[in-house]
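Trainee: The structure that follows is given in the form of structure tokens.
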Amino acid sequence: MHSETELLRLRQEVLSNLTENILPFWTGRFMDEVNGGFLGRISGDGTEDPSAPKGAILNARILWAFSAAYRVLGRPEYLRTATRAFREIADRFYDREFGGVYWSLDAQGRPLDTKKQFYAIGFAIYGLSEYARATGDAEAKELSIKLYRDIELHSFDAENNGYIEAAARDWSPIADMRLSEKDANERKTMNTHLHIIEPYTALYRIWPDEGLKERIENLLFIFRKKIMEERSGHLQLFFDDCWNSRRDMVSYGHDIEASWLLYEAASVTGADTDELLPDIVKIAAAASEGYVPGAGLMYETDRSRGAIDADRHWWVQAEAVVGYLNLYQLTGGRQALEKACATWEIIRDHLVDAEGGEWFWSLRADGSVNTDDDKAGFWKCPYHNSRMCLEVIERIPRP
């Protein structure tokens, strides 16, 4: 089939999925009409949990998704939801005494876990910057800049370069720096660095500050010279302060996600994209080691144990669509376009919940749908999938 026809079909199908399946789920039952804001969780079988804690990452990602959807599609209902999420971040999650954002609130909206995870602060910047970009809101822009300065003051390692993972509420050291229970308790991770360069790029769009530009350029250097494994192109995941790799694992989803986010950062800041392109191609090729024709992109491999997690998580498939589409647009490679379209078809046919709305968490290795993990919650948010849709819509011109 002709590439233009494939692209236009992809565009139309993801637009319909975004506006008819993903976003209506979050503007429906996920609204917390008792305590304000949004619920903390809906289980994989669709059961609401009004007692669940409310996560900073979830709320920041809701803010990003609806701000971006409003900017691209202009629907007033998206602006209303984005504004609701903005007020949650600004009024409830932001720590007015010490700065930064709380990790979580209880179901009533009171501070629960007050640690400062820099990954979460990064997502707050990401959502606030997109809201300011979509609306011109000065308060959101000012708060984005404050949070950026918090990261630079309290996370940046001036001696060894890079950013540490976490701190206590008052920015003092914290023993357990893990982002989640499955992570290694190390000082630095690829994941947090990826989700610092991502919001810094978004902030630069609305605030082209020279100091911020230098920080983004430094992050590009870190990815190319510290995080990317020269031999394989994979991104290493966990490090000590001095950038010694601490666990031999591969995350295929993060590889393909980074391949387009790093190129975006360079493009927005005016860095040399020609110099970066070979590394982008190399990282995407490394990610493709986990691509299974007809099944999508696997989750991860622990190379130290030879253990493969072949589940196809919702976010990994979403990032694969964008990463391969980006690769096709940069190189013209037919295989990249085929992978983008084929991965979307797997999402459309198996991960989209046509009856209950949104997407399921994953397909298991045996092909069955995973309804044990959340439909919405601390980590299951309208971010990877809505961003995939919006990237496709913006990258492919309207017919």
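Trainee: If you go through the stretch 242-268, how many residues are among the acidic types (Asp, Glu), assigned to a helix (DSSP H, G or I) and open to solvent by 10 Å² or more (accessible area, probe 1.4 Å)?
Mentor: Number satisfying all stated conditions: 1.
Trainee: Scan the stretch 133-192 residue by residue and report those that are under 23 Å from the mean Cα position of the chain (by Cα) and basic (Lys, Arg).
Mentor: Result: ARG133, LYS141, LYS146, ARG149, ARG178, LYS182, ARG187, LYS188.
Trainee: Can you list residue pairs whose Cβ atoms sit under 7 Å apart, with the first residue in the stretch 340-365 being touching a residue at least 12 places away in the same chain (Cβ under 8 Å) and more than 15 Å from GLU13 (Cα to Cα) and the second being open to solvent by less than 10 Å² (accessible area, probe 1.4 Å) and assigned to a strand (DSSP E or B)? Count only pairs 6 or more apart in sequence or on different chains.
Mentor: From the stretch 340-365, the pairs are PHE360/ASN370; TRP361/ASN370; SER362/ASN370; LEU363/ASN370; ARG364/ASN370.
Trainee: Another question about this same structure. With respect to PHE223, determine if the residue is touching a Ser or Thr at 6+ places or on another chain (Cβ under 6 Å), modelled with pLDDT of 95 or more, of a type in the set (Phe, Trp, Tyr) and farther than 30 Å from ASP91 by Cβ.
Mentor: Considered against the rule, which asks whether it is touching a Ser or Thr at 6+ places or on another chain (Cβ under 6 Å), modelled with pLDDT of 95 or more, of a type in the set (Phe, Trp, Tyr) and farther than 30 Å from ASP91 by Cβ, PHE223 comes out as no.
Trainee: Considering the stretch 95-149 alone, what residues qualify as being aliphatic (A, V, I, L, M), more than 27 Å from VAL34 (Cβ to Cβ) and in contact (Cβ under 8 Å) with a residue 12 or more places away in the chain?
Mentor: Once the filter is applied, which keeps residues that are aliphatic (A, V, I, L, M), more than 27 Å from VAL34 (Cβ to Cβ) and in contact (Cβ under 8 Å) with a residue 12 or more places away in the chain, the stretch 95-149 yields ILE121, ILE125, ALA132, ALA134, ILE145, LEU147.
Trainee: Can you say whether ASP311 is surrounded by fewer than 16 Cβ atoms within 10 Å (Cβ to Cβ) and charged (D, E, K, R), as far as the supplied structure shows?
Mentor: Criteria not met by ASP311.
Trainee: Then there's this: Any residue that is modelled with pLDDT under 95 and in a loop (DSSP other than H, G, I, E, B) - is there at least one of those in the stretch 378-397?
Mentor: Taking every residue of the stretch 378-397 in turn, at least one turns out to be modelled with pLDDT under 95 and in a loop (DSSP other than H, G, I, E, B).
Trainee: State all residues of the stretch 71-90 that are open to solvent by less than 60 Å² (accessible area, probe 1.4 Å) and assigned to a helix (DSSP H, G or I); if no residue qualifies, say none.
Mentor: VAL72, LEU73, TYR78, LEU79, THR81, ALA82, THR83, ALA85, PHE86, GLU88, ILE89, ALA90, listed by residue number.
Trainee: Restricting attention to the stretch 196-206, does a residue exist that is crowded, with 16+ Cβ neighbours inside 10 Å, of a type in the set (S, T, N, Q) and either assigned to a loop (DSSP other than H, G, I, E, B) or free of Cβ contacts under 8 Å to residues at least 60 places away in the same chain (or both)?
Mentor: Scanning the stretch 196-206 turns up no residue that is crowded, with 16+ Cβ neighbours inside 10 Å, of a type in the set (S, T, N, Q) and either assigned to a loop (DSSP other than H, G, I, E, B) or free of Cβ contacts under 8 Å to residues at least 60 places away in the same chain (or both).
The values are calculated or read from the model by the stated rules, or taken from the named source; none is laboratory data. No experiment lies behind these values; they were computed from the predicted model shown. Virtual Cβ from ideal backbone geometry, glycine too; neighbours counted across all protein chains shown. Please note that ligands, DNA and RNA were not included when accessible areas were found on the heavy atoms of the full protein model with its side chains. Shrake-Rupley method; radii C 1.70, N 1.55, O 1.52, S 1.80 Å.
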